[in-house]
Protein chains: 2
Amino acid sequence: MDTNVAVPPRLPANSAPLTPLDFLIRAEAAFPEHPAIIDGDHRFTWGTYARRCRMLAKALTAAGIARGDRVAVLLPNTAPMLEAHFGIPMAGAVICTINIRLNAQAIAYILDHSESRILIVDDQFRGLAEQALSLAGRPVRVIVTGAGAAPWAEDYDAFVDGGIDARPDDMVWPESEWDPLALNYTSGTTGNPKGVIYHHRGAYLNSFGQILSFSMATHPVYLWTLPMFHCNGWCFAWALAAVVGTHVCLRRFDGDVIWNAIHRFGVTHFCGAPTVLTFVLDASERAAPLPHPVNVMSGGALLPSLVWRRMTELGFKVQHVYGITEMHGIFVSCAWHQDWDQASPQDQARLVARQGIPLVVQSGLMVADSETLQPVPADGRTVGEVFARGNLGMTGYFKDPAATADAFAGGWYHTGDLAVVHPDGYLEIKDRLKDFIISGGENISSIEVEEALHTHPGVACAAVVALKDDTWGEVPLAFVELTAEWQGRLTEADLIAHCRGQIAHFKCPRRIVFSPVPRTATGKIPKFELRQKAARECGPDR
Amino acid sequence: MDTNVAVPPRLPANSAPLTPLDFLIRAEAAFPEHPAIIDGDHRFTWGTYARRCRMLAKALTAAGIARGDRVAVLLPNTAPMLEAHFGIPMAGAVICTINIRLNAQAIAYILDHSESRILIVDDQFRGLAEQALSLAGRPVRVIVTGAGAAPWAEDYDAFVDGGIDARPDDMVWPESEWDPLALNYTSGTTGNPKGVIYHHRGAYLNSFGQILSFSMATHPVYLWTLPMFHCNGWCFAWALAAVVGTHVCLRRFDGDVIWNAIHRFGVTHFCGAPTVLTFVLDASERAAPLPHPVNVMSGGALLPSLVWRRMTELGFKVQHVYGITEMHGIFVSCAWHQDWDQASPQDQARLVARQGIPLVVQSGLMVADSETLQPVPADGRTVGEVFARGNLGMTGYFKDPAATADAFAGGWYHTGDLAVVHPDGYLEIKDRLKDFIISGGENISSIEVEEALHTHPGVACAAVVALKDDTWGEVPLAFVELTAEWQGRLTEADLIAHCRGQIAHFKCPRRIVFSPVPRTATGKIPKFELRQKAARECGPDR
């Protein structure tokens, strides 16, 4: 189309970098008195919240933070964590959230690798931070929240108060929507963490993706059960500003805390791993019924169908989701079909056990052969690797061009997850690529075996890995943690027999080890470690 | 931030052009059986709708339509109009919607100026199209819907059926999100219409803006009371696919038709000029009560507060909105504040009479001096011109670089509308720049005078313009159309006296002319014509 428009199409009048920072400016302008943050005794309106973010930005600039610098935070889900999500980027800097469950060595590694010049830390993690800083190879200016100044750290509130209450125009705005916004270190089960670079465009678009996936109307009340150091709280740290919601912060929680928050603050939405839902279920008998439907996104681990059913019966609307740090968090969700209302409970459980379809902002998704990139048939049986492309892809891994090139080889992001595609186009994750068990030429999904084990009421947690076997190549071995009341009442043979009632015999665990199942700092089960433990303790060479 | 990422950030794996065409592909993949279109006896699922769009695209490509070509449509709100919104762009072409209320000369002008190579026309407008084509200076291939082939035109269904059912990958996708998507001719009240170029990015973002502004959940049922030839139905022609809604088409309608559609199809949302709401009110006594809340966006003309109140009492949630063709449609809406629930009816009426705040996707908006671009104070009194910038701005005017440069002068789009900003940041349109009346040095908003006239039950329609006056420079003159029952029962003096009870004396009409108020093809009142008429019939030189 020869537009014959002498001026080029990209002008200030018709283009601006997409950035979630816009959401805060608008929320403040339109709803300055609406509650933005409830954090213990603190109550911030959107006006106050935005002002504090601007002051934090100005204080960071005054402290020498320049465009593109990294500022690390070691914080639980508190008001300063929410302020950091806007204040750091409004200084032009990149927010690097650090998992509070990491050890000092890992934190020191991230501080060094990210070259963070400032660390904002909660007083609760003072000891951890001091230890990490002593291991870190470079000087880091430390700001501590919730405790006042200390010899080794400045007081956060005093630091913010030292900032000027500047106008939005005086912030350091991104020059391009592809500018870096956040740096999130993945906690693989092996090796050093990799720093995933988020861009303003991806976070902006995924905010809309999440809002639409949740059918989130204006002014939701969002409970922070999901750590914000996971993909910036699946982008909800920013998205809530787009819908002018209310953040309910939680430093720590259990099932009772969640029920109390729902009743006290009118919580409408929360997110979390399936473990969070089991907390809710365990506390449900002590709680009054839900006053209104509460929407939940759950992902990050196997969502047992029994958990989904019981939550649904209590009035929660639980949506199964699938995400990955490299994709700005959640990019697939199990959108409900109206005709599923009429399905049998068994069919409903089967349908919602699937991860689903791409969010509306995620254009490219396929399940394909890992080598040839040929898509698998949508038969619900053929396993392939999940590949994604489109606007939710990270910029790349920080200072690791080789890993970036590998991850993006062939023009697609390689998730490393294995899945099938059902005839209705819905994706179902079968396993991590490296957790798949190949036994006598048959593929066994460790997740399927775990799901079978979980149907036994005595199983609190099950983790299945491959055990080398001279005959079959590999066989499934299960680590099983029993509930208190079943301790000592269940044998290996009992549980294998139970599995045989559920799944094909060749898929059933050949061995079961009753022991506590370990978790990484991000709550993942370290399958790599378990495979080593299995080889050591149960393998043919033991 | 030196990312040390050897690969550039924009790769297929992490970027794709933003385009509303994605919405259709996803809707089809995820919800192929969900009802997409109800058009008389026709019922199309999302699967069928998407397939027909792809076939239309392929048929257009086979007909020689190439990337950037224009395809014009002269259609009411029917299924083919919805198919054109995806099928034409999926051929890489630009959809040029033509107002069905234009005369043959204006249509011929648009066909010539847009250089449209194909015209899709509804059989209802066969005569009009034939006349326009005879006036047009270039050959146009004509495809007619709803009537079978004719000597001068091909049959639309046969044309679509001639297309191949190709895969989404085989469509002509935009190379850049700034590629042209639509060409919408504005119907100014003077001069030739100007062709406003929409880009994929703007339509994509405004779709989300509209959905969020409406708090639209998944699967809305949308009634087409708003013509799709107005800003592509305020972008809802595309946005409905993002939320997998159901389009209810209407070839023509009155109040009863709207009520019937609400009850029969479960309509949840519709849009329209305030006139549409008066139709609904007039038919309300014959209708059963609303079965559920129905959301309405209304804009494009003065929304009388009485209309808003009565609609609200009936259970409609009416949101006042403000848009302009050059901004991809609506970009400002009067978002409700929860504390307005407690306001008096008078205060509520005053609050919702305002146009409001920018949509979340529209970053830049100001009311400022037309010459200096200095923002006016937010005092609810100082009038300035509305300026906008950000991602909703058009590419420019087709083949009119001078007009584009004027419209974007100073880095802002000049709307030509006059407004005040209230202390809460909400915008209130006072008038079109050229419709403002300056009397004895005082500014008079013709809209304010019209609102005062509208409070009289006998006034069906009022239009106020400036009349040259030797003493005052200008004075307000009103053209007033009376309701049937008040014909002959109201004098000029009565109505001026009524106004004096509402607004300052100097603002009251000096003269009132009882006559039908003319409308342009887009339903706007041609103030320019009325000013000329006033000068001719009532001016000092008459």
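Note on the protein assembly as shown: Cα convex hull, mean projected area over all directions, 45.8 nm². In this simple spin-label model, placing a label point 7 Å from the Cα along the Cα-to-Cβ direction at both B:R252 and A:D123 gives a separation of 7.5 nm.
Per-residue ellipticity at 222 nm, computed for the protein assembly as shown from helices alone with -39500 (n - 2.57) per DSSP H run of at least four residues, works out to -9000 deg cm²/dmol.
Can you give the alpha-carbon Rg of segment A:304-384 over 2.2 N^0.38 Å, where N counts its residues? Let's see the in-between values first.
Working: Rg = 14.6 Å, N = 81, 2.2 N^0.38 = 11.7 Å.
That works out to 1.25 for segment A:304-384.
With each label modelled as a point 7 angstrom along the Cα→C-beta vector, the A:Q105-B:W340 pair spans 5.9 nm.
Evaluated on chain B, the Kirkwood hydrodynamic radius is 24.6 Å, with distances taken between all distinct Cα atoms. Here the Karplus curve 6.51 cos²θ - 1.76 cosθ + 1.60, taken at θ = phi - 60°, turns the phi angles of segment A:356-361 into couplings of x, 10, x, 4, 5, 8 Hz, with x standing for Gly and Pro.
Charges at C-beta only: +1 for Lys and Arg, -1 for Asp and Glu. How large is the resulting dipole of the protein assembly as shown about its Cα centre, in Debye rounded to 20? For the protein assembly as shown, the charge dipole is close to 60 debye.
For A:S439, the residues whose amide H sits under 5 Å from its own are A:I444, ignoring neighbours fewer than 5 places away on the same chain, with H placed 1.01 Å from N.
Annotation: segment A:21-252 has a Kirkwood hydrodynamic radius of 17.5 angstrom, from the mean reciprocal C-alpha pair distance.
Cross-link list B:K194/B:K507; B:K194/B:K533; A:K317/A:K430; B:K507/B:K527; A:K194/A:K527: which exceed 29 angstrom alpha carbon to alpha carbon?
In this structure, B:K194/B:K507 exceed 29 Å between Cα atoms.
Name all residues of segment B:301-338 having a backbone nitrogen under 19 Å from the label point set 7 Å from the Cα of B:E529 along its Cα→Cβ direction, giving them as ranges. Only B:301-302 fall inside the zone, counting backbone N under 19 Å. Ordering A:G458, A:L133, A:S446 by Cα displacement along the dipole of chain A toward the positive end leaves A:L133 in first place; charges were set at the Cβ atoms of Lys, Arg (+1) and Asp, Glu (-1). Within a straight-line Cα-Cα reach of under 29 Å, A:K58 can be paired with the following lysines, leaving aside sequence neighbours fewer than 8 residues apart in one chain: A:K399.
Closest approach of a chain B Cβ to the axis relating B and A (residue, whole Å): B:F208, 2.
Distances between copies at A:N192, taken between label points 7 Å from Cα along the C-beta direction, are 6.6 nm in increasing order. Semi-axis lengths, largest first, of the ellipsoid equivalent to segment A:119-234 are 28, 21, 17 Å, with √(5λ) applied to each eigenvalue of the Cα gyration tensor.
Based on Cβ point charges of +1 for Lys and Arg and -1 for Asp and Glu, what charge dipole magnitude is obtained for chain B about its Cα centre, in debye rounded to the nearest 20? Don't skip to the end; give the middle numbers.
Numbers: 45 positive and 57 negative charges, 83 e Å.
Using only the charged Cβ atoms, the result is roughly 400 debye.
Our note on the geometry: Cα centres of segment A:422-437 and segment B:302-349, 48 Å apart.
Measuring r between the beta carbons of A:D112 and B:E485 and using R0 = 60 Å, the FRET efficiency lands at 0.10. Counting neighbouring Cβ atoms within 10 Å and putting the fewest first, the residues A:T372, A:T275 line up as A:T372, A:T275. Averaged over the residues of A:356-362, the number of partner chain Cβ atoms lying within 10 Å of the residue Cβ comes to 5. Residues whose amide H comes within less than 5 Å of that of B:N295, counting only those at least five positions distant or on another chain, are B:H269, B:F270, B:K317 (H built at 1.01 Å from N in the peptide plane). The charge dipole of segment B:436-538, taken about its Cα centre with unit charges on the Cβ atoms of Lys, Arg (+1), Asp and Glu (-1) only, comes to about 220 debye.
Since only B:A287, B:W46, B:T483 are under comparison, the one whose Cα sits farthest along the positive direction of the charge dipole of chain B, derived from C-beta charges on Lys, Arg, Asp and Glu, is B:T483. Projected onto its three principal axes, the C-alpha set of segment A:436-538 covers 38, 34, 22 Å, listed from the longest axis down. Checking Cβ-Cβ separations below 4.7 Å across chain A identifies A:C53, A:C96, A:C231, A:C235, A:C249, A:C271, A:C334, A:C461, A:C538 as cysteines lacking any candidate disulfide partner. Between copies, the label points of A:G501, set 7 Å from Cα on the Cα→Cβ line, lie 8.2 nm apart, reported in increasing order to one decimal in nanometres. Relative contact order of chain B, taken over Cα pairs closer than 8 Å and 6 or more residues apart, is 10 percent. Based on alpha-carbon atoms, the Kirkwood radius and the radius of gyration of segment A:30-168 give Rg/Rh equal to 0.96.
Over segment A:21-252, what is the relative contact order in percent, taking alpha-carbon pairs closer than 8 angstrom and at least six residues apart?
Details: 451 pairs, mean separation 56.7, N = 232.
Worked out over segment A:21-252, it gives 24 percent.
Distance between the pseudo-spin-label points of A:D169 and B:R536 (7 Å out from Cα toward the beta carbon): 4.6 nm. Partners of B:K468 within straight-line reach, counting aspartates and glutamates whose Cα lies under 16 Å from its Cα and excluding those fewer than 8 residues away in the same chain: B:D435, B:E442, B:E529, B:E537, B:D541. With a 10 Å cut-off around each Cβ of B:389-401, the average count of Cβ atoms from other chains is 6. A label point on A:P377, set 7 Å along the Cα-to-Cβ line, lies at 7.5 nm from each of its counterparts in the other copies, closest listed first. Considering only beta bridges that DSSP places wholly inside segment B:261-363, some 40 percent are antiparallel.
Computed from backbone phi, the HN-Hα couplings of segment A:145-155 come to 9, x, 8, x, 5, 9, x, 9, 8, 8, 7 Hz, rounded to whole numbers (Karplus: 6.51 cos²θ - 1.76 cosθ + 1.60, θ = phi - 60°; Gly and Pro given as x).
No lab work stands behind these numbers, since they all come straight from the coordinates. What you are looking at is a predicted structure, and each value in this text was computed from that prediction instead of being measured. Don't worry about glycine lacking a Cβ; one is built from the backbone with ideal geometry, like all the others, and counts go over all protein chains shown.
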